[in-house]
Amino acid sequence: MSAPLLELSGVTREHRQGDVVVQALRGVDLSVTPGELVAVMGPSGSGKSTLLQLAGGLDSPTAGRVCVEGRDLAGLSPAQVAAVRRRSVGYVFQDLNLLPSLTAVENVALPLELDGVRGGVARRTARAALDEVGVGALAGRFPDEMSGGQQQRVAIARALVGPRRLLLADEPTGALDSTTGEEVLRVLRARCEAGAAGVLVTHEARHAAWADRVVFLRDGVIVDQSGPVAPAESLLAAGGA
Ligand SMILES: Nc1ncnc2c1ncn2[C@@H]1O[C@H](COP(=O)(O)OP(=O)(O)OP(=O)(O)O)[C@@H](O)[C@H]1O
Ligand SMILES: [Mg+2]
């Protein structure tokens, strides 16, 4: 088996608000190897977005270790973490985060340009990524000139653009109709088949069925893991229903 692209060991993340400590994650262990797509499910507030933010180097654990491509993020300088994020990590945010003053193709080209790819090449690569998710014709539009589902596809193109090997998607199909949602998952799945490692946060069992494994979070703890076809009874048991 190949070395994990993402490895979380004993990861805890606490938020302090005055005297109150919220434990968003508690002692989470998770490895994702190239070729693998892992779905993360769990109720609202269970720590799914926190897990993804830690995996993507957008947040740091209170305890435990997060390694991306074998490198412990805690051992890297902020500039090195930023470089890992640009080169290795594709992130689809729960709230999209498209820049309103940039067109679709400019939004998608941005991470490449930040990484030193020349303008023309970055745009052509961005255009291909937009085509891959079916919105190539909207390349020149600004986010507020597109529907929610179209914006979501642009955000996915931005995460997939270039040779990123760790793909992190937080509810990437939220604003999409079911056909478009499936298309996006097919693209994500294909990237994993081609050697990427993916983590997909989803509320829908039907979407989790695209994954090799399903990890179920509750109150910041992994309470269950299952194979590709999530046995409903074990998820129900884990959910305490
Ligand atoms: N910056 C913060 N300060 C305080 N508490 C936080 C902060 N960020 C997250 N939390 C808390 O951590 C817990 C996990 O939040 P998280 O966003 O990871 O949940 P989630 O599973 O993604 O939920 P949802 O399905 O609603 O997106 C929640 O109780 C949340 O209130
Ligand atoms: Mg969330």
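Of all residues in region 193-212, which are open to solvent by 20 Å² or more (accessible area, probe 1.4 Å), under 15 Å from the mean Cα position of the chain (by Cα) and away from ligand 2 (no atom under 16 Å from the Cβ)? Once the filter is applied, which keeps residues that are open to solvent by 20 Å² or more (accessible area, probe 1.4 Å), under 15 Å from the mean Cα position of the chain (by Cα) and away from ligand 2 (no atom under 16 Å from the Cβ), region 193-212 yields only Trp210. Looking at Ala79, Ala128, just one residue is part of a helix (DSSP H, G or I), open to solvent by 50 Å² or more (accessible area, probe 1.4 Å) and not assigned by TED's automatic domain parsing to the domain that holds Val154, and that residue is Ala79.
When you check Gly64 against the structure, is it more than 13 Å from ligand 1 (Cβ to nearest atom), of a type in the set (Gly, Ala, Ser) and in contact (Cβ under 8 Å) with a residue 60 or more places away in the chain, yes or no? Give the derivation first.
Working: more than 13 Å from ligand 1 (Cβ to nearest atom): yes; of a type in the set (Gly, Ala, Ser): yes; in contact (Cβ under 8 Å) with a residue 60 or more places away in the chain: no.
Against the criterion (more than 13 Å from ligand 1 (Cβ to nearest atom), of a type in the set (Gly, Ala, Ser) and in contact (Cβ under 8 Å) with a residue 60 or more places away in the chain), Gly64 does not qualify.
Of everything in region 156-187 that is within 16 Å of ligand 1 (Cβ to nearest atom) and modelled with pLDDT of 90 or more, the residue that is farthest from the chain's Cα centre (by Cα) is Asp170. Meeting the requirement of 2 or more residues that are open to solvent by 20 Å² or more (accessible area, probe 1.4 Å) and out of contact with any helix residue (DSSP H, G or I) (no Cβ under 7 Å at 6 or more places or on another chain), the strands (runs of 3 or more DSSP E) wholly within region 1-70 are 6-17, 20-32, 63-68.
Output the residue which, of all residues in region 9-54 that are among the basic types (Lys, Arg) and under 25 Å from Ala82 (Cβ atoms), is nearest to ligand 1 (Cβ to nearest atom). The residue in question is Lys48.
The values are calculated or read from the model by the stated rules, or taken from the named source; none is laboratory data. Being a predicted model, the structure only gives us computed values, none of them experimental. Glycine also receives a Cβ, built like all others from the backbone with ideal geometry; neighbour counts cover every protein chain displayed. Accessible surface areas use protein heavy atoms only, side chains included; no ligands, DNA or RNA. Shrake-Rupley method; radii C 1.70, N 1.55, O 1.52, S 1.80 Å.
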